[in-house]
1. Looking at this structure, is LEU210 farther than 19 Å from PRO181 by Cα and over 19 Å from the mean Cα position of the chain (by Cα)?
2. Are any residues in segment 49-63 farther than 15 Å from ASP38 by Cα and not in a strand (DSSP E or B), and if so, which ones?
3. For segment 263-282, does any single residue satisfy the condition of being farther than 30 Å from MET93 by Cα and touching a residue at least 60 places away in the same chain (Cβ under 8 Å)?
4. May I ask you to say which residue of VAL306, VAL300 is over 19 Å from ARG92 (Cα atoms), touching a Leu at 6+ places or on another chain (Cβ under 6 Å) and crowded, with 19+ Cβ neighbours inside 10 Å?
5. Which one of the conditions (1) farther than 19 Å from ARG182 by Cβ; (2) outside any loop (DSSP other than H, G, I, E, B) does VAL282 fail to meet, given that it meets all the rest?
6. Going residue by residue through segment 162-184, is there one that turns out to be at pLDDT 95 or above and within 17 Å of ALA264 (Cβ to Cβ)?
7. Mind checking which residues of segment 174-192 are loosely packed, with under 14 Cβ neighbours inside 10 Å and not in a loop (DSSP other than H, G, I, E, B)?
8. Taking segment 11-25 on its own, how many of its residues are part of a loop (DSSP other than H, G, I, E, B) and at pLDDT below 70?
Amino acid sequence: MVSDIHLAFDHPEARAAATSTDVPHDRISLRDHVVEVDIGAFQSERGVTQRVGFNIVVELTPLTGPIDDDVDRILSYDRLTEAIRIELDAERMNLLETLAERIADRILTEPRAFRVFVRVEKLDRGSGALGVEIVRTAGQTADRAREMTAPAPHPVVLHLSAEALEHADLGAWIDALHADPRPAIVTVGLPNGARPTSATKLTQRRIDLLAIEQNAWGLAGRDARCVVRSTRTELDWAMKNGHISVWAPSKMVLDAVHRPTGGALELVAWMADELSACEVIVVGGDAPHACGVPVRLCPVDAPAVVA
């Protein structure tokens, strides 16, 4: 990287030009694109939006043949703003570094994208702009590029009520889930018995989410095949590698851009929709409201819960 201090704070386009090689590359850029975003690691940044500015430059491999004024032969500027929107809509993020990395990864999946400069800045956290700039080249992000273009798995979601968790057939249900060729995610609800209460809605939400996770860890302690996982990345990996997950919902729910409301079953419906599940099986409970995937209800004494 060049040492001239003015280039360090110039638009990424100047940085791209200063670090170019002997092989010429066309460039397209996005300047001073501002979006209201809920982002940040501090508690004071949660639940509020702040202005975030984006500046992006993409270097392109040479085009073979004439453009012929055909929009399908170029990398559209809309792809840059679309990459920002998709990553912002995917989940709430704590770090600008994470956001910049994901935007760069997505842009580099475009066929002609060779190198990308991404600068992301918070505009409301002080008297100046606070930000990060990264440079990525095609090939550096091959693993995530494959992940973004790979077919999405469609898991079966098995929801176990408090009664089901204590049932004698629990081990047999896990055996059947383990033998099922479909990716599998187990969810649990609130435990029986008293738990702390709060007059504050947000605080009570966290208490309830942690109580669900205690139930999840209890199941994991009873069967080693049931591994607690809390992020979409962990769930995706487990589904693609044939492992059973027990969902710990706090992180995904609290980091969601469009957060689910309601009780444990509504959380299950939301997660099933988010992960494009093929089926939700509820053992010993009612059907969740407004679930976008098929739901099957099974009494705890049903002869074949997973089939």
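1. Working: farther than 19 Å from PRO181 by Cα: yes; over 19 Å from the mean Cα position of the chain (by Cα): yes.
Judged against the criteria, LEU210 is a match.
2. THR61, PRO62, LEU63, listed by residue number.
3. Looking through segment 263-282, at least one residue is farther than 30 Å from MET93 by Cα and touching a residue at least 60 places away in the same chain (Cβ under 8 Å).
4. VAL306
5. (1)
6. No; the residues of segment 162-184 include none that is at pLDDT 95 or above and within 17 Å of ALA264 (Cβ to Cβ).
7. Across segment 174-192, the qualifying residue is only ALA179.
8. Total meeting the criteria: 6.
The values are calculated or read from the model by the stated rules, or taken from the named source; none is laboratory data. Since the structure is predicted, the reported quantities are computational estimates derived from the model, not experimental observations. Note that each Cβ is placed from the backbone with ideal geometry, even for glycine, and that neighbours are counted across all protein chains shown.
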